[in-house]
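Read-outs: derived from the displayed coordinates by stated rules, not from any lab. Not measured: the values here are computed from a predicted model. Glycine gets a Cβ as well: all are built from the backbone with ideal geometry, and neighbour counts include every protein chain shown.
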Amino acid sequence: MSTYLPKEVQDGLDAARLAALKKSSRLRVLVDDEVYRVLRMWKDGFAVEEGITPKLRGLVDLYDGTNHLYQCLIIAAEAEAGEMCYEFKRSTVAADKAPLDFYRAPDAPVALLASDAM
C-alpha cells in the first residue's frame, strides 16, 4: 500500500485542517496594533497562518479572547503545511497589577481610617 497522495488531495486536506484550526482557536497575537489569529500553541511557541500573517519578530502579546495571557519575545522557526511556526525566546505571564516589592500579610488591613472620620 502506498502513502502517496496527489498534490491536489494533500492541498485540500491542508486547507480543511487550517479551516478547522481557525474555527476552534480563540488565541490571538497582537503586533503593532494588528491582531492575527493563532492556530495552535504549545509550550515553546505558536503557529499562525502563513499566507495571511506577515513575518513576525520581536515583542508580541498573546491573548485568549480578551484576556492578556503572555508578553513574548519571538523568532521565526519554520513554515510547514500552510503554518508559520514561531518559538519563544522569552515568555512572561501577563499580570493585571504590578508585582509587590515587599511582603503583604494575608490578614493585613486593606485601608486605614483616619481618627477624625469616626
Mind checking the angle between helix 7-24 and the chain's longest principal axis? C-alpha axes, 0 to 90 degrees, to the nearest 10.
20
Report ³J(HN,Hα) in whole Hz for each residue of the range 69-86, in order, from the Karplus equation J = 6.51 cos²θ - 1.76 cosθ + 1.60 where θ = phi - 60°; Gly and Pro get x.
8, 9, 10, 10, 9, 10, 9, 6, 9, 6, 10, 7, 6, x, 10, 10, 9, 10
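Add +1 for every Lys or Arg and -1 for every Asp or Glu among the other residues with Cβ under 11 Å from the Cβ of Val31, and state the total.
Working: positive: Arg28, Lys55, Arg57; negative: Asp32, Asp33, Glu34, Asp61.
Charge balance in the 11 Å sphere: -1.
Considering all projection directions equally, how large on average is the shadow of the alpha-carbon convex hull of the chain, in square nanometres? If you can, show how the numbers build up before the last one.
Details: hull surface 53.6 nm².
Projected area, direction-averaged: 13.4 nm².
If I take R0 = 22 Å and measure r between the Cβ atoms of Ile52 and Leu13 in this structure, what FRET efficiency does the formula 1/(1 + (r/R0)^6) give, to the nearest 0.05? Let's see the in-between values first.
Details: r = 19 Å, r/R0 = 0.86.
Calculated transfer efficiency: 0.70.
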Ellipticity estimate at 222 nm from DSSP helix runs (n ≥ 4, -39,500 (n - 2.57)) divided over the chain, nearest 500
-5000 deg cm²/dmol
